[in-house]
Amino acid sequence: MQPSVAVVDTGVQAFRVGDSDGVQFHPEYDRETAAWVIRGKEFDPERETALLAELTDDTVAAAAQASLVFDNFVEIAARGGRATTA
């Protein structure tokens, strides 16, 4: 397996195996999507309420950073895994 292409303190976030690229997070999530997923699970009402309460402006802003990471990953993957240097 080739080396990871994105690693943070918590672990590997993007990787390549052969010609396939993958990510370990859900960059497509926004507040509405996350709420929809939570409501679609079979959580007890108390747990659902707690999870929905975690969808704050701060968590939405943190998720926006994941989208930036993903956009950069897509750009690198489109170039065949070659990052540019500044």
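Which of the residues belonging to segment 56-73 are out of contact with any strand residue (DSSP E or B) (no Cβ under 9 Å at 6 or more places or on another chain) and either surrounded by 10 or more Cβ atoms within 10 Å (Cβ to Cβ) or modelled with pLDDT under 75 (or both)?
Matches in segment 56-73: T56, T59, V60, A62, A63, A64, Q65, S67, L68, D71.
Within segment 74-86, can you find the residues that are touching a strand residue (DSSP E or B) at 6+ places or on another chain (Cβ under 8 Å) and either loosely packed, with under 11 Cβ neighbours inside 10 Å or modelled with pLDDT of 75 or more (or both)?
A77
Can you name the residue in segment 44-55 that is surrounded by 10 or more Cβ atoms within 10 Å (Cβ to Cβ) and over 17 Å from the mean Cα position of the chain (by Cα) and, of all such residues, is nearest to R31 (Cα to Cα)?
So, considering only residues that are surrounded by 10 or more Cβ atoms within 10 Å (Cβ to Cβ) and over 17 Å from the mean Cα position of the chain (by Cα), the one nearest to R31 (Cα to Cα) is L52.
Of all residues in segment 1-19 being under 19 Å from D71 (Cβ atoms) and either touching an Asp or Glu at 6+ places or on another chain (Cβ under 9 Å) or of a type in the set (S, T, Y) (or both), which is modelled with the lowest pLDDT?
Of everything passing the filter in segment 1-19, S4 is modelled with the lowest pLDDT.
Picking from V17, V60, which residue would you name as being β-branched (V, I, T) and under 14 Å from the mean Cα position of the chain (by Cα)?
Answer to the check: V60.
Cβ-Cβ distance below 8 Å, separation of 6 or more or different chains: which pairs start in segment 1-23 with a residue that is under 14 Å from V74 (Cα atoms) and outside any strand (DSSP E or B) and end on one that is at pLDDT 75 or above and among the β-branched types (V, I, T)?
Here the result reads V5/I76, each pair linking segment 1-23 to a residue that is at pLDDT 75 or above and among the β-branched types (V, I, T).
The values are calculated or read from the model by the stated rules, or taken from the named source; none is laboratory data. Not measured: the values here are computed from a predicted model. Don't worry about glycine lacking a Cβ; one is built from the backbone with ideal geometry, like all the others, and counts go over all protein chains shown.
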